[in-house]
2 protein chains.
Amino acid sequence: MTSSLDTLARQFRERGHKLTQPRRAILRTLLAASRPLSPAEIQEYGQSYCQDLGLVTVYRTLELLEDLDLVRAVHVAQNCHGYALSTPGHTHHVVCERCHAVVEIVGCELGDFLDSVAERTGYAITGHWLEISGICAECRANERQDSTTL
Amino acid sequence: MTSSLDTLARQFRERGHKLTQPRRAILRTLLAASRPLSPAEIQEYGQSYCQDLGLVTVYRTLELLEDLDLVRAVHVAQNCHGYALSTPGHTHHVVCERCHAVVEIVGCELGDFLDSVAERTGYAITGHWLEISGICAECRANERQDSTTL
DNA sequence: GGCATAAATGGAAAATACTTTCACTACGTG
DNA sequence: CACGTAGTGAAAGTATTTTCCATTTATGCC
């Protein structure tokens, strides 16, 4: 959003990666996009900058850009494939990074925050999705154990 | 989480759906799970309750259960197919439901909320993911226009 | 500026994942 | 307990992602 192609390119090279034409095309496409794009879309639009940009390259470059924190995967509802029983009402999840256990948080205390978002962005807010990751008590206990036995 | 098989089954029937063996197997699997499962996993585990549970049925049943709000899709990072440039630092997205335009919210005001989550759940919070959906100013303007021209 | 070289590329094809179709089955009402 | 319909699984169809490898290209070095 705030980054220019130059800034991105510099960061890219500074971390020891080559700035090839295909990669430049992908960055340009992402810079020009007003919404998250799928790999196939990135290839399609990217070909206006780099004639024969391959889909494989798009996948590889996205992976790299994610590692470098220059790009992020955005949650797109249709394409999320984990399912869990929901408790009635509005809830959020806290997912353990180690064992993937899920705790649901029943209350939702984001009302004020969402109001301010609406005001700042001009959007009419219709919903939100919050997921919190962490390490559950059990896994932390196990980790302590592991490190003492080593 | 708090629901029993009986409760789920009752809600299911009350809303005019048949409670078949495959569906029962899927509900049982979800009840027994401690983390979100993919459709393929649900099929695999569900087969211990219903010998030849088909993947198609899993997809259809999940869709139905989502409609009934008995199950929810949980964001699983690997399977999200939208990519967007990330601005440096921590941001959240507001995505327009109509045109998919994305606005990034730069500040993050969830600190206090996350602290209370940590306290309540016993998790060490390592990160969070918030996405807000809404309708952007432009799309709302278009909608008003549409309804007056009709 | 040209050269060496290691990284990066694109196409083909394999491997996965997801959807749709359709003839058959079984739920549960009466 | 028979019947009608919602629900089913297998298989085919489509889309997505990964792997492999011969070829190309960016970049540091002269």
(request) Enumerate the calculated ³J(HN,Hα) couplings along the stretch B:125-138 in order (Karplus 6.51 cos²θ - 1.76 cosθ + 1.60, θ = phi - 60°), each rounded to whole Hz, writing x wherever the residue is Gly or Pro. (result) 6, 10, x, 7, 9, 10, 10, 10, 10, x, 10, 6, 4, 4
(request) Please compute how much accessible surface disappears when B pairs with A, both sides summed, using a 1.4 Å probe, and round it to the nearest 100 Å². (result) 6700
(message) At R0 = 30 Å, how high is the FRET efficiency between A:Ala40 and B:Arg60 if r is their beta carbon distance? Nearest 0.05 is fine.
(response) 0.70
(request) Mind listing the long-range amide H neighbours of A:Tyr49? Cut-off is under 5 Å, sequence gap 5 or more, other chains count too, H placed in the peptide plane at 1.01 Å from N. (result) none
(request) Pop a pseudo-label 7 angstrom from the Cα along the beta-carbon direction at both A:Glu138 and B:Cys108 and give the gap in nm to one decimal. (result) 2.7
(request) Would you grab the residues whose amide H sits under 5 Å from the one on A:Ile105? Only those 5+ places off in sequence or on another chain, please, with H modelled 1.01 Å from N. (result) A:His92, A:His93, A:Val94
(message) Whole-Hz ³J(HN,Hα) for each residue in the stretch B:21-27, computed from phi via Karplus 6.51 cos²θ - 1.76 cosθ + 1.60 with θ = phi - 60°, x for glycine and proline: what do you get?
(response) 4, x, 5, 4, 4, 5, 4
(request) Tabulate in residue order the Karplus-calculated ³J(HN,Hα) for the stretch B:47-64, using 6.51 cos²θ - 1.76 cosθ + 1.60 with θ = phi - 60°, rounded to whole Hz; enter x for Gly and Pro. (result) 5, 6, 9, 9, 2, 10, 5, x, 5, 4, 5, 4, 4, 5, 5, 4, 4, 4
(request) Calculate, for B:Gln47 and A:Leu68, the FRET efficiency according to 1/(1 + (r/R0)^6) with r their C-beta to C-beta distance and R0 41 Å; round to the nearest 0.05. (result) 0.50
(message) Please state the shape class of the stretch B:13-62: rounded when a/c is under 1.5, otherwise prolate if a/b exceeds b/c and oblate if not, all from the C-alpha gyration tensor.
(response) prolate
(request) Find every distance from the label point of B:Val56 to the corresponding label point in the other copies (7 Å from Cα along Cα→Cβ) and write them in nm, one decimal, shortest first. (result) 3.5
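The values are calculated or read from the model by the stated rules, or taken from the named source; none is laboratory data. As the structure is a prediction and not an experimental result, all values here were calculated from the model. Cβ coordinates were reconstructed from backbone atoms using ideal geometry, including for glycine residues, and neighbour counts include every protein chain displayed. We work out accessible area using only protein heavy atoms, side chains counted, and drop any ligands, DNA or RNA first. Shrake-Rupley method; radii C 1.70, N 1.55, O 1.52, S 1.80 Å.
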